[in-house]
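Please read the structure below before turning to the comments.
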Amino acid sequence: MGSVQLRDVHKSYGAVPVLKGIDLDITDGEFVALVGASGCGKSTLLRMIAGLETITSGEISINGKVVNDVAPKERDIAMVFQNYALYPNMTVAENMVFSLRLKKAPMEERKAAVAKAAAVLNLGDLLDRYPRELSGGQRQRVAMGRAIVRDPQVFLFDEPLSNLDAKLRVHMRSEIKELHQRLGTTMIYVTHDQIEAMTMADRIVVMNGGVVEQAGAPLDIYDRPKNIYVAGFIGSPSMNIFEATVVGVGPETRLSIGNGVTLPLPPGCELQAETIVKCGIRPEHMVPATDGVPARVIVTEPTGSETQFTLRMGDQTVVCLVHERLSAVPGSEIAVTVDARHIHVFDQHTGLARS
């Protein structure tokens, strides 16, 4: 079993609160990603689970046992760091087996554990090399291999791919996801990259300012963000968020975004006229159409498989993502349509979703 429970977890440095009451249940075998902007507290939370940071108040349990005062080496966890944290004077094999040496495990057990981890991560040809002789991706695989050798109940990853180039990051996140599917061990993964979280995790926990804004399956959070922060953080390019005023009554109710341009109200969203709200639309949900809302092209950014347009629509500047070749130069006009089901409405003051 490798379940983790957090109950009203707080962390302060002096008078400065960093975590403000985190409640979270992570089930055995689950892959959970903690995401959020720098300074939101996600890495601090991970280090507290590992025992590398003391807890100010609350409880952290692993498999039902409170571990607030348990030493890191006795928590049965393994951590993979951003900078790999390999011993430079040891070979790959020596790095991987180091924890078993400390436990004075029998030689045959050590050899079997290293061989198994090397086979899982395709490290067989690198066991006699030193870290300085490896690429960044190979070093990260060694760091993961060292964690696998320990056969922990919980793997902790602290932004393990942030030092790699873009192509290698894509490859390595696929390897980590495959590793989780193969081992079935609980994994808690910290990243500021929401694409990593979306593609890898069973569940995403979005953090902001030391609190959990929303936790759920990746597509649930993407499709149904609870507030403006989550809506703007999850998704690339970010959701278009702008101010709108409710106009009309009954079936004629619309969202005015200035300059005579209006958008439909989402189904089931009832608002009084003159109410000011925040409106959110994802770039891919703004579809070019001959009978749509007129918009002026400001910037065109073709990437090959898709084209991103920055548009002036009404009094708002928005981004439109088109998965086809569309010729539109800056200064020209196009028309876009938006399905009312893909329009999100948020309270102007609380930021909470109204639809």
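The values are calculated or read from the model by the stated rules, or taken from the named source; none is laboratory data. In this text the structure is predicted, and so the values were computed from the model without any measurement. Please note: Cβ atoms are built from the backbone with ideal geometry, for glycine as well, and neighbour counts cover all protein chains shown. In case anyone asks, the SASA skips ligands and DNA or RNA and just uses the protein heavy atoms, side chains included. Shrake-Rupley method; radii C 1.70, N 1.55, O 1.52, S 1.80 Å.
Quick notes on this structure:
- Taking the stretch 33-58 as the range and being surrounded by fewer than 17 Cβ atoms within 10 Å (Cβ to Cβ) and more than 18 Å from the chain's Cα centre (by Cα) as the test, the residues that pass are Leu52, Thr54, Thr56, Ser57.
- Scanning the stretch 111-137 for residues that are in contact (Cβ under 8 Å) with a residue 24 or more places away in the chain, part of a helix (DSSP H, G or I) and not aliphatic (A, V, I, L, M) yields Lys116, Pro131, Arg132, Gly136, Gly137.
- Applying the set (1) surrounded by fewer than 13 Cβ atoms within 10 Å (Cβ to Cβ); (2) at pLDDT below 90 to Lys65 leaves exactly one unmet item: (2).
- Of all residues in the stretch 107-134, those that are under 25 Å from Glu159 (Cβ atoms) and either at pLDDT 90 or above or open to solvent by less than 30 Å² (accessible area, probe 1.4 Å) (or both) total 11.
- Scanning the stretch 313-339 for residues that are surrounded by fewer than 14 Cβ atoms within 10 Å (Cβ to Cβ) and among the hydrophobic types (A, V, I, L, M, F, W, C) yields one hit, Val329.
- On the stretch given as the stretch 296-355, residues that are under 17 Å from Thr275 (Cβ atoms) and in contact with a helix residue (DSSP H, G or I) (Cβ under 7 Å, 6 or more places away or on another chain) total 3.
- Any hit, the stretch 92-106, residues being open to solvent by less than 50 Å² (accessible area, probe 1.4 Å) and either modelled with pLDDT of 95 or more or in contact with an Asp or Glu (Cβ under 6 Å, 6 or more places away or on another chain) (or both): no
- Odd one out for Gly268 among (1) farther than 30 Å from Leu46 by Cα; (2) of a type in the set (Gly, Ala, Ser); (3) open to solvent by less than 20 Å² (accessible area, probe 1.4 Å); (4) assigned to a loop (DSSP other than H, G, I, E, B): (3)
- Among the conditions (1) within 30 Å of the chain's Cα centre (by Cα); (2) under 27 Å from Glu213 (Cα atoms); (3) at pLDDT 90 or above, Thr275 misses just one, which is (1).
- Count of the stretch 180-199 residues which are of a type in the set (A, V, I, L, M, F, W, C), crowded, with 21+ Cβ neighbours inside 10 Å and in a helix (DSSP H, G or I): 1
- Only residues that are more than 11 Å from the chain's Cα centre (by Cα), surrounded by 19 or more Cβ atoms within 10 Å (Cβ to Cβ) and not in a loop (DSSP other than H, G, I, E, B) were counted in the stretch 200-214, giving 4.
- Sole exception among (1) open to solvent by 40 Å² or more (accessible area, probe 1.4 Å); (2) in a helix (DSSP H, G or I); (3) at pLDDT 90 or above; (4) out of contact with any Gly (no Cβ under 9 Å at 6 or more places or on another chain) for Ala143, by number: (1)
- Failed item in (1) of a type in the set (A, V, I, L, M); (2) open to solvent by 30 Å² or more (accessible area, probe 1.4 Å); (3) in contact with a strand residue (DSSP E or B) (Cβ under 8 Å, 6 or more places away or on another chain), with Leu255 passing the rest: (2)
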